[in-house]
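Presented below is the structure to which this report refers.
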Amino acid sequence: MKRHRRETPTYAVEGSRDHWLYNGSNTAIEPFEDDTIEAFSVVTCVPRPHGEDAGEESIRREIEANPGAYRFAILMDHAGREMLRRTFAAQEATGQAVAPPFLLYLTMQADASSQEAFCKACAELLRGEGWTGYKAVQAAWEAIPVDCDDVIDNKFLPE
């Protein structure tokens, strides 16, 4: 709203888009700039991106804004994980970008599941989500140092 107000001419012709943007922005901003009104809280948020990689981009922006708040960023897209790893590194944060099966690995590490249950759950996750292609399977196991060869079908294991 502030950008619209700043970038739109105050002398815009009544009824024009510019006139509408300027006046609408002013009207929307006024209550937030009035210190006597206590009905509103102002919080900072990351602008929502659009497009093919909007999800990854929104996570990247959030990590940049709050690098110490995140231990893990979970997503299946390999390129997205690489981008987020670079973001964590650039922010000198200790967070990691990992694939969804890593969440199951954390449960096993916390002794909340056995290795066998972990392996079976990973295979079911991969099968259920349709992540059965070579690259998807490789990506799923990327950060998981567990050998599940004797528990699940080889098509759900990395090579």
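The values are calculated or read from the model by the stated rules, or taken from the named source; none is laboratory data. Owing to the predicted nature of the structure, the values given are computational and were not obtained by experimental measurement. Please note: Cβ atoms are built from the backbone with ideal geometry, for glycine as well, and neighbour counts cover all protein chains shown. With ligands, DNA and RNA removed, areas are computed over all heavy atoms of the protein, side chains included. Shrake-Rupley method; radii C 1.70, N 1.55, O 1.52, S 1.80 Å.
Key figures
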| quantity | calculated |
| --- | --- |
| Residues satisfying the stated conditions in segment 107-135, i.e. more than 15 Å from Asp153 (Cα to Cα), buried (at least 16 other Cβ atoms within 10 Å of the Cβ) and hydrophobic (A, V, I, L, M, F, W, C) | Met108 |
| Where Ala65 falls short, out of the listed (1) open to solvent by 40 Å² or more (accessible area, probe 1.4 Å); (2) in contact with a Gly (Cβ under 6 Å, 6 or more places away or on another chain); (3) among the hydrophobic types (A, V, I, L, M, F, W, C) | (2) |
| Qualifying position, being within 30 Å of Val137 (Cβ to Cβ) and modelled with pLDDT under 90, among Asp34, Asp77 | Asp77 |
| Residues of segment 136-157 satisfying the condition of being part of a loop (DSSP other than H, G, I, E, B) and either surrounded by 14 or more Cβ atoms within 10 Å (Cβ to Cβ) or touching a strand residue (DSSP E or B) at 6+ places or on another chain (Cβ under 9 Å) (or both) | Trp141, Glu142, Ala143, Ile144, Val146, Cys148, Val151, Ile152, Leu157 |
| Any hit, segment 90-97, residues being touching a helix residue (DSSP H, G or I) at 6+ places or on another chain (Cβ under 6 Å) and modelled with pLDDT under 90 | no |
| The lone exception for Ala97 - which of (1) open to solvent by 30 Å² or more (accessible area, probe 1.4 Å); (2) outside any helix (DSSP H, G or I); (3) closer than 18 Å to Gln138 by Cα; (4) free of Cβ contacts under 8 Å to residues at least 40 places away in the same chain it fails | (1) |
| Any hit, segment 104-117, residues being closer than 22 Å to Glu82 by Cα and in contact (Cβ under 8 Å) with a residue 40 or more places away in the chain | yes |
| Set Leu104, Leu84: member being closer than 24 Å to Lys135 by Cα, modelled with pLDDT of 90 or more, open to solvent by 40 Å² or more (accessible area, probe 1.4 Å) and aliphatic (A, V, I, L, M) | Leu104 |
| Members of segment 116-135 found to be in a helix (DSSP H, G or I) and out of contact with any Phe, Trp or Tyr (no Cβ under 8 Å at 6 or more places or on another chain), listed by number | Glu116, Ala117, Cys119, Lys120, Ala121, Glu124, Gly128, Glu129, Tyr134, Lys135 |
